[in-house]
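> Mind looking over this structure? Questions follow.
Rule-based calculations on the coordinates, nothing more; no lab input. As the structure is a prediction and not an experimental result, all values here were calculated from the model. So basically every Cβ, Gly included, is an ideal-geometry build from the backbone, and we count neighbours across all protein chains shown.
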Amino acid sequence: MTKIRNATAGDVPAILPMVRQLCDLHERADAERFRVVPDVLERYAVWLPLRAADPRSVLLVAEEQGRLVGFTVGTVEPEVPIFWVPECGWIHDLWVEPSCRGHGVASGLIEAAAARFATIGVKQIRLHTGQFNEAARAVFARHGFRACVVEMLRPVAVAGDKA
């Protein structure tokens, strides 16, 4: 049985290997868009405990038999002032260990994050997912997310950059 719960700073060491896998997945699929800085795990090691302590953030873990098998992290972010919602919830990351996929863990994390954002009072939840990640898009779509923008990328050669 999977338990979804609020994460604590003490969970961060067990979350970091999942962060590494998530970063590696994205970088393998599209390194030009998703290459991360070398100290990404150190940055997450600082950022995640702040999310756990912040009443306007979401940091949840999925636990099975005392072992973390997934996590999600989200924050409340301001919107451009011309739009009707002043802020929205952002799901930055969601990961489920491969051996636990297909058993409702991602669904549990998504619904728990949505419930948490509702208590915060945001009217929309948004996220980015890689174009390559059809499985993630399908899971999010089952939970009411829809595509609303297409991010496009064009590299630009900057004077002085080394190839």
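> List the number of the failed condition for Ala141; all other conditions in (1) outside any loop (DSSP other than H, G, I, E, B); (2) within 14 Å of the chain's Cα centre (by Cα); (3) free of Cβ contacts under 8 Å to residues at least 24 places away in the same chain hold.
Of (1) outside any loop (DSSP other than H, G, I, E, B); (2) within 14 Å of the chain's Cα centre (by Cα); (3) free of Cβ contacts under 8 Å to residues at least 24 places away in the same chain, only one is false for Ala141: (2).
> Being surrounded by fewer than 17 Cβ atoms within 10 Å (Cβ to Cβ) and over 24 Å from Glu151 (Cβ atoms) is true for just one of Asp30, Asp11, Asp39, Asp24. Which residue is that?
On the way: Asp30 fails: over 24 Å from Glu151 (Cβ atoms); Asp11 fails: surrounded by fewer than 17 Cβ atoms within 10 Å (Cβ to Cβ); Asp24 fails: over 24 Å from Glu151 (Cβ atoms).
Only one candidate qualifies: Asp39.
> Conditions first: (1) touching a strand residue (DSSP E or B) at 6+ places or on another chain (Cβ under 6 Å); (2) in contact (Cβ under 8 Å) with a residue 60 or more places away in the chain. Ala106 passes all but one, so which condition is the exception?
(2)
> Can you name every residue in the stretch 55-73 that is over 16 Å from the mean Cα position of the chain (by Cα) and either of a type in the set (Val, Ile, Thr) or assigned to a loop (DSSP other than H, G, I, E, B) (or both)?
Pro55, Gln65, Gly66
> If you don't mind, another one. Evaluate the following for Leu94: is it touching a strand residue (DSSP E or B) at 6+ places or on another chain (Cβ under 9 Å), buried (at least 18 other Cβ atoms within 10 Å of the Cβ) and in a strand (DSSP E or B)? Please lay out each step first, then the result.
Numbers: touching a strand residue (DSSP E or B) at 6+ places or on another chain (Cβ under 9 Å): yes; buried (at least 18 other Cβ atoms within 10 Å of the Cβ): yes; in a strand (DSSP E or B): yes.
Yes; evaluated as a whole, the condition is true for this residue.
> Take the residues of the stretch 112-127 that are of a type outside the set (A, V, I, L, M, F, W, C), out of contact with any Cys (no Cβ under 9 Å at 6 or more places or on another chain) and exposed (fewer than 14 other Cβ atoms within 10 Å of the Cβ): which is farthest from Pro55 (Cα to Cα)? I'd like the intermediate steps shown before the answer.
Taking the stretch 112-127 as the starting set, the residues that turn out to be of a type outside the set (A, V, I, L, M, F, W, C) are 116, 119, 121, 123-124, 126.
Subset that is out of contact with any Cys (no Cβ under 9 Å at 6 or more places or on another chain): 116, 119, 121.
If we keep only those that are exposed (fewer than 14 other Cβ atoms within 10 Å of the Cβ) too, we end up with 119, 121.
Working: Thr119: 10, Gly121: 12 Å.
So the residue we want is Gly121.
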